[in-house]
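Only the coordinates and a few stated rules stand behind these numbers; no lab work does. The shown structure was predicted, so the numbers you read here are calculated from the model rather than taken from an experiment. For neighbour counting, all protein chains shown are included, and Cβ atoms are generated from backbone atoms with ideal geometry for every residue, glycine included.
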């Protein structure tokens with residue numbers, strides 16, 4: 001306290017001058033319309049800027065929560081789209097209102113917390129696991145296309161085998177013709193992949209879409225895989241050599257959607273019984 005009094009005493013002249021300056025300024029603003037209007041307009045502008053900055057900071061700090069809400073909403077919309085496609089393309093479902101088929105797929109959103117794209121065997125870690133209903137073998141997609149398949153699951157986390165894994169094979173088809181093929185990453189460019197086993201008689205063009213075939217119990221049908229960038233047909237080969245640009249940019253993954261096929265056990269069971277005979 002003594003130091004404060006000493007400071008005020010030593011700078012008494014300057015502080016008195018400053019106080020008088022403020023008082024004079026107040027008198028000018030109070031007794032002159034023009035200066036008063038200028039002051040209050042400037043004050044309002046400064047206050048508005050401060051409020052806008054404060055709101056922007058608040059919105060930035062809440063981005064994580066907003067993104068999670070949007071991801072859950074997208075998962076709900078993904079399910080509705082899948083139900084619509086099922087009823088649109090299957091007359092029997094529309095007539096019988098088969099609830100099991102309409103609700104065949106559930107979509108669960110999750111945040112990516114670790115991701116690799118520069119190895120031969122790439123994996124992705126997400127922040128949801130057994131507690132949220134995640135199971136090994138579930139398909140993983142994002143807003144643009146396929147991402148991979150769940151490999152291992154703990155209570156709160158899951159590890160996904162990325163499409164950028166040299167042993168990952170995706171049952172696919174050429175959207176324009178419906179011809180079946182297989183998509184496989186070549187281990188080089190994380191934005192490109194190869195299409196295998198596409199017969200050489202098929203009509204193919206640059207820009208054609210490659211989508212999931214639906215011929216397994218993992219990925220729903222017609223999920224984007226990629227777009228044809230180049231193709232080649234040699235005389236002695238039975239199949240095209242095709243390069244596609246992957247639909248999903250795995251370098252920028254933030255949120256993904258896990259696809260649960262509620263009829264997978266039944267489908268796998270009847271297929272295994274048939275193939276074992």
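Descriptive notes on the structure:
- The residues listed here are 137, 129, 133; of these, the one that is surrounded by 18 or more Cβ atoms within 10 Å (Cβ to Cβ) and in contact with a strand residue (DSSP E or B) (Cβ under 8 Å, 6 or more places away or on another chain) is 129.
- Boolean, residue 171 is in contact (Cβ under 8 Å) with a residue 12 or more places away in the chain, in contact with a strand residue (DSSP E or B) (Cβ under 8 Å, 6 or more places away or on another chain) and assigned to a loop (DSSP other than H, G, I, E, B): no
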